[in-house]
Amino acid sequence: MATPGAGRGTSGIGMTSDRTRARMVERLRGEGIRDEVVLSAMNAVPRHIFVDEALAIRAYDDSPLPIGNGQTISQPWIVARMSELARNGRDLDGVLEIGTGCGYQTAVLAQIAKTVYTVERIVALVNKARRHLQALKIRNVRLAHADGSTDLGEDLRVDAIIVAAGATHVPAPLLRYLKPGGRLVLPLARSDDGERGVQKLTVIEMAPAGPREQVFDTVRFVPLLPGLA
Ligand code: SAH
């Protein structure tokens with residue numbers, strides 16, 4: 001794995017969680033996740049570090065869990081699926097994540113990309129994610145308290161962007177951060193999609209002829225919201 005420091009700091013957790021995590025990875029395989037780079041990243045990151053102690057026993061279930069401030073940690077399948085769609089079999093130099101939450105997906109992305117830029121609008125979660133990433137000695141992450149639905153005012157160029165909150169339209173300012181061939185992966189609810197809180201996993205690829213859209217699985221995400229909190 002290319003990431004210095006990733007995967008360390010996990011000693012003392014014991015075989016139980018290692019085995020449970022290996023079972024989670026086998027389940028993901030059974031659910032159609034094919035990218036071995038993503039599967040080994042999922043195997044490397046201890047998910048129980050990212051949830052409250054009382055919930056740790058459920059950390060490897062395939063379900064979202066509360067992380068405070070009305071937000072949730074995405075279920076493992078979603079994290080794997082978005083990572084697989086972002087990678088699309090390529091080596092990733094830079095990745096931008098919108099919606100750090102507790103930092104779990106950030107930590108997974110840190111295994112598969114050289115540098116991860118991640119922004120979160122809720123300051124309490126920024127601090128929580130920072131603690132989790134430090135505990136795992138993950139050092140290739142740049143974390144910021146920012147609203148990722150607007151211009152981040154940065155000179156970023158990344159291979160992929162993952163939006164971890166449900167959008168009602170493609171946040172246009174983000175597209176200019178993508179390199180040619182780069183991919184934006186986001187849960188997108190078009191107004192005719194019906195039920196509230198349901199989106200389709202959508203990929204916008206910066207193809208030579210212009211942005212190309214592909215629609216994948218039906219998903220449920222907390223909403224992408226404007227402003228800082
Ligand atoms: N990636 C997380 C999932 C986080 S849930 C994981 O690994 O589980 C989605 C997160 O997006 C929430 O923490 C929410 O506060 C954040 N969010 C919503 N709108 C945002 C915005 N405009 N900019 C940055 N973060 C946002």
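Kindly list the number of the only condition in (1) modelled with pLDDT of 95 or more; (2) within 12 Å of the ligand (Cβ to nearest atom); (3) not in a helix (DSSP H, G or I) that fails for S63.
Among (1) modelled with pLDDT of 95 or more; (2) within 12 Å of the ligand (Cβ to nearest atom); (3) not in a helix (DSSP H, G or I), the lone unmet condition for S63 is (1).
Determine which member of the set T150, T115 is among the hydroxyl-bearing types (S, T, Y) and closer than 22 Å to V37 by Cβ. Steps first, answer last, please.
Working: T150 fails: closer than 22 Å to V37 by Cβ.
Sole residue among the options that is among the hydroxyl-bearing types (S, T, Y) and closer than 22 Å to V37 by Cβ: T115.
How about region 170-196: which of its residues are within 16 Å of the ligand (Cβ to nearest atom) and either in a strand (DSSP E or B) or surrounded by 12 or more Cβ atoms within 10 Å (Cβ to Cβ) (or both)?
Across region 170-196, the qualifying residues are V170, P171, P173, L174, L175, Y177, L184, V185, L186, P187, L188, A189.
Would you please name the residue that is farthest from I122 (Cα to Cα), looking only at residues in region 147-169 that are more than 11 Å from the ligand (Cβ to nearest atom) and not in a loop (DSSP other than H, G, I, E, B)?
Initial filter on region 147-169 (more than 11 Å from the ligand (Cβ to nearest atom)): 151, 153-161, 168-169.
Applying the additional criterion that residues be not in a loop (DSSP other than H, G, I, E, B) yields 158-161.
Working: V158: 23, D159: 25, A160: 23, I161: 19 Å.
Among them, the one singled out is D159.
Just to be sure before I move on: is A110 at pLDDT 95 or above, within 14 Å of the ligand (Cβ to nearest atom), closer than 30 Å to R157 by Cβ and not basic (K, R) in the structure I sent?
Details: at pLDDT 95 or above: yes; within 14 Å of the ligand (Cβ to nearest atom): yes; closer than 30 Å to R157 by Cβ: yes; not basic (K, R): yes.
It is true that A110 is at pLDDT 95 or above, within 14 Å of the ligand (Cβ to nearest atom), closer than 30 Å to R157 by Cβ and not basic (K, R).
Looking only at region 37-60, which residues are more than 17 Å from the chain's Cα centre (by Cα) and open to solvent by 40 Å² or more (accessible area, probe 1.4 Å)? So that I can check it myself, show each step before the final result.
Initial filter on region 37-60 (more than 17 Å from the chain's Cα centre (by Cα)): 52-58.
Result: D52, E53, A54, I57, R58.
Within region 65-90, which residues are surrounded by fewer than 19 Cβ atoms within 10 Å (Cβ to Cβ) and free of Cβ contacts under 8 Å to residues at least 40 places away in the same chain?
Residues satisfying the conditions are P66, Q75.
What is the residue count in region 112-140 for residues that are free of Cβ contacts under 8 Å to residues at least 40 places away in the same chain, farther than 19 Å from I67 by Cα and open to solvent by less than 20 Å² (accessible area, probe 1.4 Å)?
Residues of region 112-140 free of Cβ contacts under 8 Å to residues at least 40 places away in the same chain: 115-116, 118-120, 126-127, 129-131, 133-134.
Next, from what is left, pick out any that are farther than 19 Å from I67 by Cα: 115-116.
Narrowing further to those that are open to solvent by less than 20 Å² (accessible area, probe 1.4 Å): 116.
Count: 1.
Going by the structure shown, is V222 within 16 Å of T100 (Cα to Cα), open to solvent by less than 20 Å² (accessible area, probe 1.4 Å), of a type in the set (A, V, I, L, M) and within 14 Å of the ligand (Cβ to nearest atom)?
Details: within 16 Å of T100 (Cα to Cα): yes; open to solvent by less than 20 Å² (accessible area, probe 1.4 Å): no; of a type in the set (A, V, I, L, M): yes; within 14 Å of the ligand (Cβ to nearest atom): yes.
The answer is no for V222.
Yes/no matrix, rows are residues, columns are (1) closer than 28 Å to P66 by Cα; (2) modelled with pLDDT of 95 or more:
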site	(1), (2)
L184	yes, yes
G194	yes, no
I204	no, yes
Q214	no, yes
L228	yes, yes
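How many residues does region 197-216 contain that are open to solvent by 50 Å² or more (accessible area, probe 1.4 Å), within 20 Å of the chain's Cα centre (by Cα) and farther than 18 Å from V79 by Cβ?
Taking region 197-216 as the starting set, the residues that turn out to be open to solvent by 50 Å² or more (accessible area, probe 1.4 Å) are 200, 208-209, 211-216.
Those still in the list that are within 20 Å of the chain's Cα centre (by Cα) too: 200, 213-216.
Now narrow it down to the ones that are farther than 18 Å from V79 by Cβ: 213-215.
Residues that pass the stated criteria total 3.
The values are calculated or read from the model by the stated rules, or taken from the named source; none is laboratory data. None of the values given here were measured: they were computed from a predicted structure. Here the Cβ is made from the backbone with ideal geometry for all residues, glycine too, and neighbour counts use every protein chain on show. For accessibility, only protein heavy atoms count, side chains too; no ligands or nucleic acids. Shrake-Rupley method; radii C 1.70, N 1.55, O 1.52, S 1.80 Å.
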